[in-house]
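Taken together, the values in this text are just the output of simple stated rules run on the coordinates, not laboratory data. In this text the structure is predicted, and so the values were computed from the model without any measurement. Positions of Cβ are backbone-derived with ideal geometry, glycine not excepted, and every protein chain shown enters the neighbour counts.
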Amino acid sequence: MKLLFVTDTHLRGTAPEARVDDFAETVKAKLREVVSLAEEHGVSAVLHGGDLFDAPEPGLAQVGEYLEILRGLPCPLYIVPGNHDVYGHNPATLPRTLLGLLVRLGFARPLSAEPVYLDGGGVRVQLTGRGFHAEIDRRDPAADYAVEKRGCDAAVHVAHGMVLPDGAALPPGIPCTRAADVLAATGADLTLVGHWHFPFAVESGGKAVVNPGSLVRLTAHPADAERAPQAVLIEIGGAVKWRFVPLASARPGAEVLSRARLDAARLREERRAAFLAALEGMRGAWAAAADPADVLRRVLARFRPSPRAEAEVWRRFEEAKKALGRG
């Protein structure tokens, strides 16, 4: 049995500011290629990792043309909702969205914790899914990514969460789950993820977590300019095999992304890296030598609060010192 996986298509009615090509025609070409790949390889299903749309109710004129192409898929389309597909990170709002309408019409089939079984090619495949919600990646990874393999030859789980390989980093405050933790928790042979727009694959113990990256490039991030939009072709027989399939219709990032925005993005990345490196170099020595009271005096001198506010700051400072046993 063969399956095809794509994610984060972000279908929208307008072109992103970072693009300099005819964005609508580019997206159409990619969708036609996805349909062609499904036909060429005789896949039993196309799986989508979420963010089919860039908004819960995108502009219908342009998006309607995209959906007309996807209607040509020779097999069912299974999907999990992404954060852009629903309102306020709330999956309960799905019925009020365009994706919810497509589900009701049978255009797309939703995946959930309740397994769907596909039979063909002498194998039985279990499909499950987890769409985006406000608590994903903020709780035990097993709650969203762990799957029990039952009565099948292979278990495939699709999730729209911020799963990252070791070494990838996010700005502070953005929750994420490490791929290694997913592999340790799940019984799925293959976990397919979206949300993070850059490709990776992590394998361990005969299991894998795979993300092909977003099918479209919406920003002038340097990593977007360097990557090739792609799909994942999965073949399930005596074993679960998969491979990335770069889209032939996708032009190099330098040709479709604004050069000015690319240069500005690279400069921001370089400045950020230099700042963090300098901060890291200073942190150890500064932390050892800094006097909290002196730091507070410098802050107060800079912001010049009223005498009453300054007195309150010092009062709370002394209370904190006593509470920490440093009085």
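General remarks:
- Farthest toward positive dipole pole in region 181-232 [+1 Lys/Arg, -1 Asp/Glu at C-beta], among L215, V193, L183: L215
- Residues whose placed amide H lies under 5 Å from that of A45, excluding near-sequence neighbours: L4
- Across region 109-126, coupling constants 3J(HN,Hα) worked out from phi with the 6.51/-1.76/1.60 Karplus curve, θ = phi - 60°, read 10, x, 9, 9, 5, 7, x, 10, 10, 10, 10, x, x, x, 10, 10, 10, 9 Hz, and Gly and Pro carry x.
- Of E57, E33, E25, the one that fluctuates the most in a GNM where the chain has Cα springs shorter than 10 Å: E25
- Taken about its Cα centre, region 2-256 carries a charge dipole of about 380 debye when Lys and Arg each add +1 at the Cβ and Asp and Glu each add -1 at the Cβ.
- Subset of K149/K241; K30/K207; K2/K207 violating a 23 Å alpha-carbon distance limit: K30/K207
- Computed [θ] at 222 nm, deg cm²/dmol, the chain (DSSP H ≥ 4; -39,500 (n - 2.57); rounded to nearest 500): -11000 deg cm²/dmol
- Global geometry of region 2-256, whether rounded, prolate or oblate, following the gyration tensor of its Cα atoms and the 1.5 cut on a/c: rounded
- Among beta bridges from DSSP that stay inside the chain, the antiparallel ones total about 45%.
- Cβ-derived FRET efficiency at R0 41 Å, R104 paired with R150, nearest 0.05: 0.90
- Summarising the amide proton neighbourhood of N83: residues at separation of 5 or more, or on other chains, whose placed amide H is nearer than 5 Å comprise D51, F132.
- Global form of region 42-194, assessed from the alpha-carbon gyration tensor, a/c cut-off 1.5: oblate
- Sorted peptide list for 125-138, 42-55, 169-182, criterion being average Cβ within 10 angstrom, highest first: 42-55, 125-138, 169-182
- For G213, the amide hydrogen comes within under 5 Å of the amide hydrogens of F200, counting only partners 5 or more places away or on other chains and with H modelled in the peptide plane.
- Cα-based shape type of region 55-139, given that a ≥ b ≥ c are square roots of the gyration tensor eigenvalues and the cut on a/c is 1.5: oblate
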